[in-house]
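I have placed the structure first, in the form of structure tokens, so that the comments after it can refer back to it.
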Number of protein chains: 2
Amino acid sequence: MILSALLTSVGINLGLCFLFFTLYSILRKQPSFVTVYEPRRVAEEKSQQRSYFNLERLLPSPGWVGKAWRLSEEELLAMSGLDAVVFMRIFVFSLRVFTFAGIIGFFILLPINFTGDQLSIEFSDLPNKSLDSFSISNVNDGSNRLWIHFCAVYLFTAFVSYLLYVEYNYISSKRIACFYASKPQPHQFTILARSIPVSSNSSIPESVERFFTENHSSTYLSHNVVHRSSKLQGQLTDADKWHRRLLHLKATNHPRGKFGRDGLFGLFGRKVNLLDHYEKKLRDIEDNIRMEQSSLAGKEVPAAFVSFKSRYGAAVALHIQQGVNPTEWVTEPAPEPHDVHWHHFSASFIKRWIYKIVVVVACFVLTVLFLIPVFIVQGLTNLDQLETWFPFLSGILSITFVSQVITGYLPSLILQLFLRFVPPIMVWLSSMQGYTAFSQIEKSACVKLLWFTIWNIFFANVLSGSALYQVNVFLEPKQIPRVLAVAVPAQASFFITYVVTSGWTSTSSELFRLFPLICGFPKRKLSGKDDDDFEVPAIPFHKEIPKIVFFGLLGVTYFFLSPLILPFLLVYYCLGYIVYRNQLLDVYEPKFDTGGTFWPIVHSSTIFSLVLMHIIAIGIFGLKKLPLASSLIVPLPVLTLVFNDYCQKRFLPIFKAYPAECLIKKDRDDQNDPSMPEFFDKLVTAYRDPALMPINYSGSDRTPFSP
Amino acid sequence: MILSALLTSVGINLGLCFLFFTLYSILRKQPSFVTVYEPRRVAEEKSQQRSYFNLERLLPSPGWVGKAWRLSEEELLAMSGLDAVVFMRIFVFSLRVFTFAGIIGFFILLPINFTGDQLSIEFSDLPNKSLDSFSISNVNDGSNRLWIHFCAVYLFTAFVSYLLYVEYNYISSKRIACFYASKPQPHQFTILARSIPVSSNSSIPESVERFFTENHSSTYLSHNVVHRSSKLQGQLTDADKWHRRLLHLKATNHPRGKFGRDGLFGLFGRKVNLLDHYEKKLRDIEDNIRMEQSSLAGKEVPAAFVSFKSRYGAAVALHIQQGVNPTEWVTEPAPEPHDVHWHHFSASFIKRWIYKIVVVVACFVLTVLFLIPVFIVQGLTNLDQLETWFPFLSGILSITFVSQVITGYLPSLILQLFLRFVPPIMVWLSSMQGYTAFSQIEKSACVKLLWFTIWNIFFANVLSGSALYQVNVFLEPKQIPRVLAVAVPAQASFFITYVVTSGWTSTSSELFRLFPLICGFPKRKLSGKDDDDFEVPAIPFHKEIPKIVFFGLLGVTYFFLSPLILPFLLVYYCLGYIVYRNQLLDVYEPKFDTGGTFWPIVHSSTIFSLVLMHIIAIGIFGLKKLPLASSLIVPLPVLTLVFNDYCQKRFLPIFKAYPAECLIKKDRDDQNDPSMPEFFDKLVTAYRDPALMPINYSGSDRTPFSP
């Protein structure tokens, strides 16, 4: 790829970004889009709608940038919780890392690379220069200048490790501080007991009651046994639907709308009064639900939420193996009540264990299958191959602009489209694993998606060739550094355009909220409904974090290979920093609070990136005929892993559970709190399945999933 | 190796075994050897010495076999604790496995192997037949008979897995039963807190007291801070020595013995009255010790034994991370008071973590260095190479008997001698890791020694060649099955003789207690001392378990390759079963009780053996031109590992800690026990460093390390 192709790509994307930003600053001021761009504000001040019209509304303005910039961390914490703060820390961390890397890379490494003449490219004008002349491949073999790259690798690793330590320390102390500052919350006092052994002569609630009163007599408060309620939940959704239709019908005054047919699609069957028909239908469903609710007694699942009188009491029951058989009375921390995923409670210990194995296999299969679109994309970057496949295209492909668009832009766009389908699949797989909370599912999906991205975007693109060849490389560990050292620098230009197209565009379309905008538009127009029942979205951590972290991996691995990538990355992170702060301010509302437990994922993947960079460095210095440097790099991955081991020992336990000292201090503070008896009263019913709550559609609205 | 060489080796070893057994049955009846052969009995009934003489004493008798045979598991448990029972279960388990394997191997596989003609050995008489004609190598390539081997592998794996499950289940239920049956013991109520944070304004005892009274107010009982007492311990040993000399001097009535010189070796210096001299010396040391003891206040180590009022209270403090910083207030279960290793308490969290890494590296280096003697031994099995190295030996080596002894017996004897040095090194390395109990050190050394044995006896012998080549094999995982399939069957004869020489002889010399006998003899004769201060030995689990388990590995891997090994193994296990029962009855006394936690090591290594066998099977069937069978074996290791994962989830937690249910039940039982207040009084001082106890040599004997 030549420099001008890169510039074309950059130009297109800059244009797109600019377009999105302009459109955003106009549209966000239109009242009809307020649910798309400021749903949080709408939810908070529901009545206040700005409907006055003035010219200013049609002019783009950068005011939101300043607002997002001025947002302090404390404000963010108060508004969106620790998870959002941790999410923004990823940007801060990445900006620090790549500012340092950028200074070294751009002012030291890039000139060295450019002045080498290993690639013996004929001295053409700058725009037609291959991007490879900016990479380490251009430095002469055996040149002593490579020692500068060597030092850069060591220096960079030390700096990143220092930052990782500081950040882990900062976030773990924030986590503890947030815990201290938190109000009493049901999930702090509750654990989830699963695989409750069923004996023939006592029911599940009885044995839960007996077990905990016997073994935790001083702290046990109450329990809620989980029921098999998926059928009931289906009926509730139905009832909701009919109820909404009824309300809509009552609201419309058109007389023709009140009559319809009761058959298929409302087209066949008898003509009826729709109002009566809907009311009858709703009554029937309500009756059904009540009947179902009363007969649920036998449909108990061997799982129960057990609440305690103190946080420490819950922690004690959580951390000590309860039953003699470790596969019975399995305890885990309870999620927040509104975070509970009420399906999947029925699975026994063995079933869950088997599901887990099945999911691992499924992830593997998905990863392998995904190689197919990746190789198609790879075909696009090789124009010659494309012409061999589709000879009739050769005419079009000979146009410079078209070929530049195809090589520079199309591949990562197609990849991007395919990648859209992966997150829902990963979420579905994670939910199969038997997690009981949406937050856990999201965290698990985040890890899955991260590895999927690293494998399918990085390794698949780098190693290309046949799928079989890739697997073979990893069966010969000795060859890995050499193979990577050959393949990784060769793909530098692809990843630079990837940062530009995928990174920049995805960030600006995140701001513009292209997808919700398009989806919401026809819905709003067609239904003619009010915006009353819209839902404030939650930030999809499982999609965003892998993306951001993956760009970090690209930056770390290409830092010394092809420093040209670094300015583009810095632009990406700057954009992301502003855009996501804005979105957290206006759009996303936290749906759950994991207390910053996403950070260890970021930490581990950064360590992985560093070690990957070291392995490539070992290979590169070997290829570049500097075997001494190659051997001297070897201690670096070892030291990095040792450092990681220390960090995990030092900080990870804090993210797994709160220490006794904190729990006891919080409990003691609560003793003097006069609102505690009221809290405990609420706690007793906090974990009741919403599907089992009494319903009454005749009276008022019901929102079963709200906290 | 030919059959007659094997028979020579078997003959020699059978002779040795017979000799040892005969000598044993005579010597054990001699009163002067009673401390060697029945120290347990001597310790129990100290006064009763059988000094009468009759002819029966000089005749060998097999009575002890019957006695050992009749010993029931309950008796063994009562006498030697659960660890001894688990130790004997290894033999029972192995006997079951190899009886099953023996029936299949000897009656089905061996005839099939023998009737093949792949190796096209000229039909000579049976004694000169190569042992290879009994192995799978002799089956014709691509023969359908190999499917019988295939079925045998599946059947054997299923049977072993079933037995593993049954055994794990049995031992874990025994462990719980033993816990229920146990009397209150100090270590059940105590934890060890390490890395206690030191603040400038309070001493360690103060901060321990404050921390636990604050956070565990209802259950905290007392604490004992550990002191840096290694200097003191040295002085105590000195005092002991001088005290003993003094006693000896007082006992001898010879007037000349009472005078000596006070200089070097008692040869130079002034002539003094030894009695006065010794007493003065002892007094000096005693004064020193008292001074040291009183000045120990400042030499506190940031570690303390913290005792609780209930087992459950101790478990709660143990399982929940105490401090906000997980590297402070690190808790671990306390060992039994007499099991405490009073050194190594001083190391901080980071120090211990670094030591651990250093020890891993040291183990690796030791393993590599040990390859040198292994290759020398390998040279001996290749006579041709030996003749090239030492041409002058060719005359002797041409004698059939000599060459048979050298190939059949000498290699494993030399290996055996070298292996003698490894256990102490492993114990030393383990003690460096910062374990605080002898039992933990022994368990860690056991694991280290097991992997060392598997690597240095099995892999080093199998792969032979240069050390570099071996490491290379493991860097190309794809090649492993093929390389092992070529190399492992080729070493069958070596390992058969290894079982005979090392296994049989070590068992019979264990019975004969050759080493203690030789060492004890001159000591007893020279010192002329009474047997009063002899010590009853403890069974060295860390040496014995790896040995026994390694023979299991040989049996499992060679079961379908060369079934000829199985009868020799069965003889070994039968011998071991009787001999070790006898030794547990008469010789060894338990020094600590780990509650059967050695079993998980045996379980894991059996799983490893199975998977190793499967990998070899994949290679063998590939080599034998039966690719379908080779592919169909692949699911087997996966299934085995999944099975292992389940077992570890199902049983391992029970071996890590006792579940809450058991602890609470035991605590409740104790509430009605009238002896508990007395027990708690003892508990307060149970973990006081014996070096800090007041001493008084003028009065009576002191034995600082006795429980």
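The values are calculated or read from the model by the stated rules, or taken from the named source; none is laboratory data. All values derive from a computational prediction rather than experimental measurement. For neighbour counting, all protein chains shown are included, and Cβ atoms are generated from backbone atoms with ideal geometry for every residue, glycine included.
Just to be sure I understand the filter: pairs with C-beta atoms under 7 Å, separated by 6 or more residues or on different chains, first member in segment A:59-87 and free of Cβ contacts under 8 Å to residues at least 60 places away in the same chain, second member surrounded by 11 or more Cβ atoms within 10 Å (Cβ to Cβ) and aliphatic (A, V, I, L, M). Which pairs pass?
A:Pro60/A:Ile26; A:Glu73/A:Val85
Give just the number: which of (1) modelled with pLDDT of 75 or more; (2) farther than 30 Å from A:Ile2 by Cβ; (3) surrounded by fewer than 17 Cβ atoms within 10 Å (Cβ to Cβ) does A:Ser295 not satisfy?
Every condition holds for A:Ser295 apart from (1).
Among the listed residues A:Gly269, A:Gly257, which satisfies the condition of being more than 41 Å from the chain's Cα centre (by Cα), more than 14 Å from chain B (Cβ to nearest Cβ), at pLDDT below 75 and assigned to a helix (DSSP H, G or I)?
A:Gly257
Given the conditions (1) outside any loop (DSSP other than H, G, I, E, B); (2) modelled with pLDDT under 85; (3) closer than 25 Å to B:Val422 by Cα, and given that B:Lys547 satisfies all but one, which numbered condition is not satisfied?
(2)
Looking at B:Leu221, B:Leu318, can you tell me which residue is within 14 Å of another protein chain (Cβ to nearest Cβ), closer than 30 Å to B:Asn672 by Cβ and at pLDDT 75 or above? Show your work before the answer.
Working: B:Leu221 fails: within 14 Å of another protein chain (Cβ to nearest Cβ).
None of the other options fit; the residue is B:Leu318.
Only one of these is within 14 Å of chain B (Cβ to nearest Cβ), of a type in the set (Val, Ile, Thr) and in a helix (DSSP H, G or I): A:Ile607, A:Ile664, A:Ile616. Name it. Let's see the steps before the verdict.
Working: A:Ile607 fails: within 14 Å of chain B (Cβ to nearest Cβ); A:Ile616 fails: within 14 Å of chain B (Cβ to nearest Cβ).
So the residue among A:Ile607, A:Ile664, A:Ile616 that is within 14 Å of chain B (Cβ to nearest Cβ), of a type in the set (Val, Ile, Thr) and in a helix (DSSP H, G or I) is A:Ile664.
Here is a check on your reading of the model: is A:Lys183 basic (Lys, Arg) and free of Cβ contacts under 8 Å to residues at least 12 places away in the same chain? Break it down stepwise before answering.
Details: basic (Lys, Arg): yes; free of Cβ contacts under 8 Å to residues at least 12 places away in the same chain: yes.
Answer is yes for this residue.
Residue-by-condition table, conditions (1) surrounded by fewer than 18 Cβ atoms within 10 Å (Cβ to Cβ); (2) without any contact (Cβ under 8 Å) to a residue 40 or more places away in the chain:
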position: B:Thr606; (1), (2): no, no
position: B:Gly619; (1), (2): no, no
position: B:Pro637; (1), (2): no, yes
position: B:Cys647; (1), (2): no, no
position: B:Glu661; (1), (2): no, yes
position: B:Asn672; (1), (2): yes, yes
position: B:Ala686; (1), (2): no, no
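Checking the conditions here, which among B:Tyr646, B:Tyr658 is within 14 Å of chain A (Cβ to nearest Cβ), at pLDDT below 95 and not in a helix (DSSP H, G or I)?
B:Tyr658
Which number in (1) closer than 30 Å to B:Leu632 by Cβ; (2) within 14 Å of another protein chain (Cβ to nearest Cβ); (3) of a type in the set (S, T, N, Q) marks the one condition that B:Ser172 misses?
(1)
Residue under question is A:Ser609, and the condition is that it be under 16 Å from A:Phe559 (Cα atoms) and under 30 Å from the mean Cα position of the chain (by Cα); does it hold?
On the way: under 16 Å from A:Phe559 (Cα atoms): yes; under 30 Å from the mean Cα position of the chain (by Cα): yes.
So A:Ser609 fits the description; yes.
Please tell me if B:Phe345 is part of a strand (DSSP E or B) and either surrounded by fewer than 20 Cβ atoms within 10 Å (Cβ to Cβ) or more than 8 Å from chain A (Cβ to nearest Cβ) (or both).
Working: part of a strand (DSSP E or B): no; either surrounded by fewer than 20 Cβ atoms within 10 Å (Cβ to Cβ) or more than 8 Å from chain A (Cβ to nearest Cβ) (or both): yes.
Spelling it out, it is not the case that B:Phe345 is part of a strand (DSSP E or B) and either surrounded by fewer than 20 Cβ atoms within 10 Å (Cβ to Cβ) or more than 8 Å from chain A (Cβ to nearest Cβ) (or both).
Out of the residues in segment B:348-360 meeting the condition of being over 20 Å from the mean Cα position of the chain (by Cα) and closer than 15 Å to B:Trp428 by Cβ, tell me which one is nearest to the other protein chains (Cβ to nearest Cβ). Don't jump to the end; show me each part of the working.
Pass one, segment B:348-360, residues over 20 Å from the mean Cα position of the chain (by Cα): B:348-358.
With closer than 15 Å to B:Trp428 by Cβ added as a condition, the list becomes B:355-356, B:358.
On the way: B:Tyr355: 13, B:Lys356: 10, B:Val358: 11 Å.
Applying the filter and picking the extreme gives B:Lys356.
Any idea which of A:Arg145, A:Arg210, A:Arg175 is more than 21 Å from A:Val85 (Cβ to Cβ) and surrounded by 13 or more Cβ atoms within 10 Å (Cβ to Cβ)?
Working: A:Arg210 fails: surrounded by 13 or more Cβ atoms within 10 Å (Cβ to Cβ); A:Arg175 fails: more than 21 Å from A:Val85 (Cβ to Cβ).
Result: A:Arg145 is the single residue among A:Arg145, A:Arg210, A:Arg175 that is more than 21 Å from A:Val85 (Cβ to Cβ) and surrounded by 13 or more Cβ atoms within 10 Å (Cβ to Cβ).
So which of B:Gln378, B:Gln440, B:Gln416, B:Gln404 ends up being under 17 Å from the mean Cα position of the chain (by Cα), away from every other protein chain (no Cβ under 14 Å), modelled with pLDDT under 80 and surrounded by 14 or more Cβ atoms within 10 Å (Cβ to Cβ)? Steps first, please.
On the way: B:Gln378 fails: under 17 Å from the mean Cα position of the chain (by Cα); B:Gln440 fails: modelled with pLDDT under 80; B:Gln404 fails: under 17 Å from the mean Cα position of the chain (by Cα).
Answer to the selection: B:Gln416.
Please go through segment B:190-220 and pick out each residue that is hydrophobic (A, V, I, L, M, F, W, C) and assigned to a loop (DSSP other than H, G, I, E, B). Before you say what the answer is, go through the steps one by one.
In the first step, residues of segment B:190-220 are kept if they are hydrophobic (A, V, I, L, M, F, W, C); the result is B:191-193, B:196, B:198, B:204, B:208, B:211-212.
Hits for segment B:190-220 are B:Ile196, B:Val198.
Can you pull out the residues in segment B:220-239 that are crowded, with 20+ Cβ neighbours inside 10 Å and more than 35 Å from the chain's Cα centre (by Cα)?
The one that is crowded, with 20+ Cβ neighbours inside 10 Å and more than 35 Å from the chain's Cα centre (by Cα): B:Tyr220.
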